[in-house]
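Please treat every number below as a calculation from the coordinates, not as lab data. It should be emphasised that the depicted structure is a prediction, and the values quoted were computed from it without experimental measurement. Here the Cβ positions follow ideal geometry from the backbone for every residue, glycine too, while neighbour counts run over all protein chains shown.
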Amino acid sequence: MRTRSFEIVESQPTSLHDDLLGQLRDYVVEGDLAPGARIPERELCEKFNVSRTPLREALKVLAAEGLIELLANRGARVRQFSEGDIRNLFEIIAGFDFVAGRLACERISDEGIAQIERVHLEMYTHYMRRELNDYFRLNQQIHQAIVDAAANPVLSANYASANAVIRRLRYAANLNSDRLGDAMREHEAILDALRRRAGEELGLRMFDHMQRKREAVCEYLREQNSAPAPAPNLQPAD
């Protein structure tokens, strides 16, 4: 499969479609759709109480992000990723995390650190209870909070674009990986470096954390690829 090129994008103002786009992105990332599965447009129109036109506009955005693929006269389907795609994208994300960690230590407020600590403690509670959906949601909030604390709009826009592509696989790998204990220890070290405002250390710890996550995702992908594949559904869109 051809690897999607990654282009630097400028931050964009919010639009009226942001809410629908966010809900649709969450549905694709956290739903039960397998790679290659059709996007059920009629069901989604009912779910989000919208017509086909705004839904299809939002699908075009997700296709531009690389999360889904549009099929000529056949709707859309969840994108299938090769291991090469994943490795390339994680290199970008790891680099963004490294830069974000260094800048965040210079620019984050004490209250910002305290808020991340609160989210971390809540995430740890969900980890102990093995409530993995909530664990992953808060895990993402911590990474996003550090990126936001870097206070660089171009970094934030490009992080969001790259992360959207691999978020689904990170989520799936978290639900099936035995690496959660290691990931929690890595998050403890990340939080410790942030408390001390040790920018170089935080950047390196975040970079290493994403490299380890990359290997977990690639392992998950190999397991999925070795399983029998369901027959593709390429009927015309409803």
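The trypsin sites (Lys or Arg not before Pro) of the range 34-93 meeting both criteria, a DSSP state outside H, G, I, E and B (loop) and at most 16 other C-beta atoms within 10 angstrom of the site's C-beta, are R74. Mean projection of the Cα convex hull over all viewing directions, computed for the range 103-188: 5.6 nm².
Applying both filters, DSSP loop and at most 16 other Cβ atoms within 10 Å, to the trypsin sites (Lys or Arg not before Pro) of the range 122-166 gives R130.
Quick check: net charge around R212, other residues with Cβ under 10 Å of its Cβ, Lys/Arg +1 and Asp/Glu -1? If you can, show how the numbers build up before the last one.
Working: positive: R179, K213, R214; negative: D182, E186, D208, E215.
It works out to a net charge of -1.
In this simple spin-label approximation, E111 and K47 carry label points 7 Å from Cα along the Cα→Cβ vector, and these lie 3.6 nm apart. Counting charges near R195 (Lys, Arg +1; Asp, Glu -1) among other residues having Cβ under 14 Å from its Cβ returns a value of -2. Its residue count N fixes a reference of 2.2 N^0.38 Å for the range 58-160, and the Cα radius of gyration divided by that reference is 1.31.
Checking the a/c ratio against 1.5 first, then a/b against b/c, what shape does the Cα gyration tensor give for the range 113-154?
On the way: a/c = 5.49, a/b = 2.04, b/c = 2.69.
It comes out oblate by the Cα gyration axes.
If the viscosity is 0.692 mPa s and the temperature 37 °C, what translational diffusion coefficient in µm²/s does Stokes-Einstein give for the range 21-75 when Rh comes from Kirkwood over Cα pairs? It would help to have the intermediate numbers written out before the result.
Values: Rh = 11.4 Å.
D = 288 µm²/s.
For the range 49-156, which GluC sites (Glu not before Pro) are in a loop by DSSP, counting at most 16 other Cβ atoms within 10 Å?
Answer by residue number: E131.
For the range 77-122, the alpha-carbon radius of gyration amounts to 1.67 times the rule-of-thumb value 2.2 N^0.38 Å expected for a compact globular protein.
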